[in-house]
Amino acid sequence: MNKKASAHSSGSPQPSKLVTIFCDGSSLGNGQAATRAAGVALLGYRGLWRAFGTYLGTATNQQAEIAAAALGLSALREPCRVRVVTDSRYVVETMSGRFRRKSNLEWWEKLDSAARPHQITWEWAKGHAGHIIQEAADRAARRIAALGRVDESILRDAVDSIGTAEIED
């Protein structure tokens, strides 16, 4: 079951572009000294997809999930209507105001800043459930974390693996 929640920017005109962002974070060795974390965002607009990745070093899984959403939103060059899909209930529930922010405050501020210009619907999707686009984001985040840097071929592979996948509600 998908959970959806909206956040609206106040006082600004309705953005016209509708963009879908699938994002995922990965922290290999989460909480250990040798942690390697990354975040990936796949942006879809009118059937075209672009991939963005970031290597985060020793970040936790929660931080990587927050960073992935911020990465996708930061890539937008103008205010948009955005559907952000993530397998992180932590991100969806926090950005929807149902979870209180007790930790990762610097990370949340980055996401808040990236989200501010946009009208966003936050949606949870079950991870590892076979959704082609979500799985592509997950694979790319894990590969970047394992490699220890962003490699353009990983991002290209993520976009190529989406092919003509339909965006599901």
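Each value in this text was obtained by applying a stated rule to the coordinates, not by laboratory testing. These figures come from a predicted structure and were not determined experimentally. Positions of Cβ are backbone-derived with ideal geometry, glycine not excepted, and every protein chain shown enters the neighbour counts.
A few comments on the model shown:
- Top of Leu18, Leu111, Leu28 by mean-square fluctuation, Gaussian network on the chain, Cα under 10 Å: Leu18
- Nearest-20 debye value, the range 84-165 charge dipole, Cβ charges on Lys, Arg, Asp, Glu: 360
- Cα gyration tensor category, rounded, prolate or oblate, for the chain with a/c compared to 1.5: oblate
- Sparsely packed trypsin sites (Lys or Arg not before Pro) within the range 16-85, loop by DSSP, other Cβ within 10 Å at most 15: Lys17, Arg46, Arg77
- Ordering Ala70, Ala115, Val150 by the projection of their Cα atoms onto the charge dipole of the range 3-162, which places +1 on the Cβ of Lys and Arg and -1 on the Cβ of Asp and Glu, puts Ala115 at the extreme positive end.
- Counting charges near Gly127 (Lys, Arg +1; Asp, Glu -1) among other residues having Cβ under 9 Å from its Cβ returns a value of -3.
- Applying 1/(1 + (r/R0)^6) with r as the Cβ-Cβ distance of Tyr45 and Tyr90 and R0 = 22 angstrom yields a FRET efficiency of 0.25.
- Measuring gaps between exposed loop sites in the chain (GluC sites (Glu not before Pro); DSSP loop; at most 12 other Cβ atoms within 10 Å), the longest gap, sites not included, is 1-165.
- Max mean-square fluctuation residue, GNM over the chain, Cα-Cα springs under 10 Å, options Ala33, Ala125, Ala67: Ala33
- For the chain, complete DSSP H runs whose alpha carbons reach 18 Å or more along their own long axis and whose mean Kyte-Doolittle score is -1.0 or higher are 61-74, 132-147.
- Summarising the strand pairing of the chain, around 65 percent of its internal DSSP beta bridges are antiparallel.
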